[in-house]
1. Enumerate the pairs (first residue in the stretch 58-80 and under 17 Å from F47 (Cα atoms) and in a loop (DSSP other than H, G, I, E, B); second residue anywhere and modelled with pLDDT of 85 or more and not basic (K, R)) with beta-carbon separation below 6 Å, excluding pairs fewer than 6 apart on the same chain, so at least 6 apart or on different chains.
2. Would you mind telling me which numbered condition in (1) surrounded by fewer than 11 Cβ atoms within 10 Å (Cβ to Cβ); (2) modelled with pLDDT of 75 or more L37 fails?
3. Just for the stretch 23-34: of the residues that are of a type outside the set (V, I, T), modelled with pLDDT of 65 or more and in a loop (DSSP other than H, G, I, E, B), which one is surrounded by the most Cβ atoms within 10 Å (Cβ to Cβ)?
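The values are calculated or read from the model by the stated rules, or taken from the named source; none is laboratory data. Note that this is a predicted model, so its numbers are computed, not measured. As a convention, Cβ positions derive from the backbone with ideal geometry for all residues, glycine included, and neighbour counts pool all protein chains shown.
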Amino acid sequence: MLRRASIASCRVALVLLALAAGPLGAQTTAVRDEVCLSCHAEPSTKFHSQPSHKKLSCATCHAGGAEHVADTRARPKLGGDQKLCASCHEAKKKPGS
């Protein structure tokens, strides 16, 4: 019963967000974390357990959130801000690696 209500709540949130986002072609904006977490209650614990990643929003790493909300078959793409990632990851690389 609770699962059915949870799925219904997600569907309502998806429809409302899709309507607010406008036409499908215009859906290029990032969605807020609350929208993602309404269906994805547990983001990757492996990723978010790292101190430098704890405060990153979903949209920092995932593009296409609005399209995914409008049609869940459209998967968000990994494609974070490469400059942001490199600001730590490039600095931590060992010479010659």
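1. Short answer, once both residue conditions are applied: P76/H62; P76/G64; P76/G65; P76/H68; G79/A63; G80/T60; G80/C61.
2. (1)
3. Start the filter on the stretch 23-34 by keeping residues that are of a type outside the set (V, I, T), which leaves 23-27, 30, 32-34.
Filter again for modelled with pLDDT of 65 or more, leaving 30, 32-34.
After this cut, where a residue has to be in a loop (DSSP other than H, G, I, E, B) as well, the list is 30, 32.
On the way: A30: 17, R32: 13.
Of everything passing the filter in the stretch 23-34, A30 is surrounded by the most Cβ atoms within 10 Å (Cβ to Cβ).
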